[in-house]
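Everything below concerns the one structure shown next.
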Amino acid sequence: MGLPLGEACLTLVVVPTASYRSFHARVRRREALSPTFTRVTLEGPELADFGGVCLDQRAKVVMPLPEGVGFAHFPRGDDWYGQWRGLPEGQRNPFRTITVRDVRPEQCEVDIDIALHGDLGPLSRWASTCAANDEVVLIGPDARVAESSVDGIEWRPGPATQVLLAGDETAVPAIASILERSNPELLGDAYLEVPLAEDRLPLPNPTGIRVHWVVRGDRPHGEALVEAVTGSAVPPEVTSEDVLWEVQAGRGGRFAWVAGEAAAVRAIRRHLVANGWDRQHVAFMGYWRSGHSEA
Ligand SMILES: Cc1cc2nc3c(=O)[nH]c(=O)nc-3n(C[C@H](O)[C@H](O)[C@H](O)COP(=O)(O)OP(=O)(O)OC[C@H]3O[C@@H](n4cnc5c(N)ncnc54)[C@H](O)[C@@H]3O)c2cc1C
């Protein structure tokens, strides 16, 4: 039977259905963790519903348009992307993919850690200049939707007890969060390439996974990481292929998770597959591609 019109039963409870949505927030603080890493803490009442699984949870940070335009044109609602695409180019806010480093729903706060790489792109530029109270939008998991605890998370070791993690500085936030939150009984190795020795961040790590920091120094991006993981000094081969994204949930005794610059990820993938790693037990993710903007 329909609701009787005009009677006092007009309370509408809107049940969210999309596991990802936009969260309007502000910068609470910006903190340098090392010469390369900057942590930006975001706050705002909407973040009370931001999903808190973390691990390698991906999200997007949407940055303001210049000259005071901010988010005047940024669409709200589930179809934000479709509407954003329909805007004239000058009204489209730039956005980039990041990892959710930490979530404190009771304080309505989210941390993201950005690897600065100069003035080359909007994310790096924003992370090195944003200030307290600046407006920002996160596209991330909505804790009220059950699928949000699995969507956008590729760390799925399943029953594996032996794991291999490898990544460059863009994957350090994900690897740090994975180590912090994983089963303490996991064993294996984590290789992290960073530009400088000072970028070797303290990593709380209750697991049996050994952490190997690889300092890049003057070497080309990814070369030292590939060498550390494969034992071979062959430089990653830059190809024109699309960014690699091949992910599976672990089903056996071991699981590999590799993320970072696409050519290095591809080189590590080639080595692992050649050495008997089953493609069913690996997640290979090109987080960015040298010489190409994410957008
Ligand atoms: C799932 C996922 C999770 C990610 N998590 C994080 C994260 O938590 N923290 C983080 O910092 N990054 C993370 N990244 C990587 C980040 O999205 C890219 O590095 C992105 O291109 C940076 O945007 P930008 O606006 O600074 O540069 P863009 O405008 O995208 O690119 C401009 C130029 O800079 C180059 N470039 C991009 N990134 C780097 C880099 N790190 N070092 C050197 N040159 C670079 C590009 O090749 C291009 O030539 C993640 C990516 C994915 C897909």
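Coordinate-derived values only; no laboratory data. No experiment lies behind these values; they were computed from the predicted model shown. Note that we place each Cβ from the backbone using ideal geometry, even for glycine, and neighbour counts take in every protein chain shown.
Among residues other than GLY152 with Cβ under 13 Å from its Cβ, the summed charge is -1 (Lys and Arg +1, Asp and Glu -1).
By the helix-only formula, in which each DSSP H run with n ≥ 4 contributes -39500 (n - 2.57) and the sum is divided by residues, the chain has a 222 nm mean residue ellipticity of -4500 deg cm²/dmol.
With r as the distance between the Cβ atoms of HIS212 and ARG104 and R0 = 22 Å, compute the FRET efficiency 1/(1 + (r/R0)^6) and round to 0.05.
0.15
Each Lys or Arg adds one and each Asp or Glu subtracts one; over the other residues with Cβ under 14 Å from the Cβ of ARG39, this totals -3. In whole angstrom, note down how far apart the Cα centers of the stretch 192-223 and the stretch 44-120 are. After rounding, the separation between the Cα centres reads 27 Å.
Simple rule: put +1 on each Lys or Arg Cβ and -1 on each Asp or Glu Cβ in the chain, find the dipole, and look at VAL194, GLY77, LEU272; the Cα lying farthest toward the positive end is LEU272. A run of the chain free of exposed loop cleavage sites, with trypsin sites (Lys or Arg not before Pro) counted only in DSSP states other than H, G, I, E and B and at most 15 other beta carbons within 10 Å, reaches its longest extent at 1-75. Applying 1/(1 + (r/R0)^6) with R0 = 51 Å to the Cβ-Cβ distance of THR129 and ALA274 gives a FRET efficiency near 0.70. According to the Cα-based calculation, Rg over Rh for the stretch 20-149 is 0.94, with Rh computed by the Kirkwood formula. When the inverse distances between all different Cα atoms of the chain are averaged and flipped, the Kirkwood radius reads 20.3 angstrom.
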